[in-house]
Amino acid sequence: MNTLKKQARTTGFLYLIIIIGGLFTEVFVRSKIIDWSNPAITAQNILEFETLYRFGFSVDVIVFLCDIGVAILLYKILKPVSHTLALITASLRLIMVAVAGINLLNLYKPLAYLKGADYLSVFNIEQLQALSTISLKTHNYGYHIALVFFGFHCFFLGYLLIKSIHFPKILGVLLIIASVGYLTNSFSNFIPNYVNISYVYLLLPAFVAEVSFCLWLLIKGIKTTK
């Protein structure tokens, strides 16, 4: 039981890093630098705030490394409920990390385009700015593809939490609701003509679910049973 509590609290600590890191890169880096309607301003911001941009990139790498730890620890904690489902759940999160990690190359490309290397002299500045924006848009779509795997991960994780004796069932219900939000938000970016829902309404329940699960792991760890 003590081992399970330690594993759960370690998972909560890693999850906290993931949440803080994800918020930092989205709110304080990309939303401040990227202007989707103006490639010139975006390019100017990337060069002006290059250190911040690179730091955000590094934080993304750390977040994905923590995701690997969370996937493995949750598997160890939840495999008594169902070894097969716990393995599927961990695999989905690890696939998400693989897709999102490779996708980071698209986030790094604008730095290569805009730093003025000699071999880029065949392009004018407007073309380089356009290429940078294309890379950022590709990263955005790649991120949504990764979140499809994460959405299914949340669904199976929620089911396992409901079946587990070590966690309150409400956490599992919240994560299943979160999975619906993640999947709807991702697929709405691929078929926007069919779904027109603000991403805030879709991702706010997901944020509440993940923060609640993180805090439970950090503070309580697991429910003790006789």
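Laboratory data are not the source of any read-out in this text; all were calculated from the coordinates shown. All values derive from a computational prediction rather than experimental measurement.
Quick rundown of the values:
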{"read-out": "Mean Kyte hydropathy of -1.0 or more with a Cα span along the axis of at least 18 Å, helices from DSSP in the chain", "value": "2-23, 50-78, 83-114, 125-163, 169-190, 199-219"}
{"read-out": "Candidates TYR143, TYR119, TYR182: whichever shows maximal mean-square fluctuation once the chain is modelled as a Gaussian network with Cα springs under 10 Å", "value": "TYR119"}
{"read-out": "GNM top mover of GLY56, GLY69, GLY116 - the chain, alpha-carbon springs below 10 Å", "value": "GLY116"}
{"read-out": "Fully extended contour minus Cα-Cα distance, from ILE72 to ILE125, at 0.36 nm per residue", "value": "14.5 nm"}
{"read-out": "Lysines with Cα under 22 Å of LYS115, excluding same-chain neighbours fewer than 8 positions away", "value": "LYS32, LYS137"}
{"read-out": "Euclidean distance between Cα centres, region 1-72 to region 138-163, Å", "value": "17 Å"}
{"read-out": "Relative contact order (%) - the chain, alpha-carbon pairs under 8 angstrom, separation at least six", "value": "25 percent"}
{"read-out": "Most mobile of PHE28, PHE213, PHE57 in a GNM of the chain (Cα contacts under 10 Å)", "value": "PHE28"}
